[in-house]
Amino acid sequence: MKYEIPAEMRDFAEKSVDQARKAFDGFLTAAHKAVDTVQGSTTTMQSSASDATKKTLSYAEQNVAAAFDHAQKLVRAADFQEALQLQSEFARTQFAAIQAQLKELSELAQNAARTATNQAATVASEAAAATRSAADQASAAFSKATKAAAPGPKRS
């Protein structure tokens with residue numbers, strides 16, 4: 001006795017496999033997109049770190065140059081009173097410069113963190129939506145397959 005699978009059942013099984021494949025492909029597409037976005041976020045963070053490093057080096061150069069200029073002025077001071085005045089002026093100017101530099105570096109760090117956080121939230125949201133969609137499609141395909149395979153009332 002040879003058992004044959006009905007053509008309707010075969011067609012339905014094929015459609016179910018196709019739907020499951022499409023759902024999985026949708027999930028993979030979302031996963032690839034998430035990886036690309038994370039790589040973009042990494043690039044953004046590297047760029048921000050590079051900018052901060054360049055800025056820090058620039059500030060160091062400015063501060064060292066100011067210190068050498070100050071040393072030259074001190075050497076040329078006519079008396080102790082002038083030297084104290086130059087020292088006081090240098091301290092005041094450098095304090096203000098360092099405050100401004102720290103403020104700018106802080107803003108750079110905050111902007112980099114904000115950008116990274118926004119990108120991570122976007123990636124997580126898109127990945128969750130894609131996963132939900134893929135799961136819904138797979139569930140729907142499974143439900144159809146289960147209903148089709150379930151014995152139903154016999155038709156004459």
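For this structure, a couple of remarks:
- Once the range 56-95 is narrowed to residues that are of a type in the set (Val, Ile, Thr) and surrounded by 11 or more Cβ atoms within 10 Å (Cβ to Cβ), the residue that is nearest to Ser106 (Cα to Cα) is Thr56.
- Within the set Phe90, Phe95, the sole residue that is part of a helix (DSSP H, G or I) and in contact with a helix residue (DSSP H, G or I) (Cβ under 6 Å, 6 or more places away or on another chain) turns out to be Phe90.
- Note on the range 20-70: residues that are without any contact (Cβ under 8 Å) to a residue 40 or more places away in the chain and either of a type in the set (Lys, Arg) or on the phi > 0 side of the Ramachandran plot (or both) amount to 2.
- In the range 23-66, residue nearest to Thr122 (Cα to Cα) [restricted to those that are charged (D, E, K, R) and out of contact with any helix residue (DSSP H, G or I) (no Cβ under 8 Å at 6 or more places or on another chain)]: Asp36
- From Gln94, Gln72, Gln81, residue being closer than 30 Å to Ala49 by Cβ and out of contact with any Pro (no Cβ under 6 Å at 6 or more places or on another chain): Gln94
- For the range 21-56, a residue qualifies if it is closer than 19 Å to Gln119 by Cα and touching an Asp or Glu at 6+ places or on another chain (Cβ under 9 Å), and the qualifying residues are Ala30, Lys33, Ala34, Thr37.
- Looking only at residues in the range 29-87 that are of a type in the set (A, V, I, L, M) and under 16 Å from the mean Cα position of the chain (by Cα), the one that is modelled with the highest pLDDT is Ala49.
- Qualifying residue in the range 2-21 (condition: outside any helix (DSSP H, G or I), among the hydroxyl-bearing types (Ser, Thr, Tyr), loosely packed, with under 12 Cβ neighbours inside 10 Å and out of contact with any helix residue (DSSP H, G or I) (no Cβ under 8 Å at 6 or more places or on another chain)): yes
- In this structure, Thr131 qualifies as of a type in the set (Ser, Thr, Tyr) and at pLDDT below 80.
The values are calculated or read from the model by the stated rules, or taken from the named source; none is laboratory data. Just so it is clear, the structure is predicted and the values come from calculations on it, not from any experiment. Every residue, glycine among them, receives a Cβ derived from its backbone with ideal geometry; neighbour counts consider all protein chains shown.
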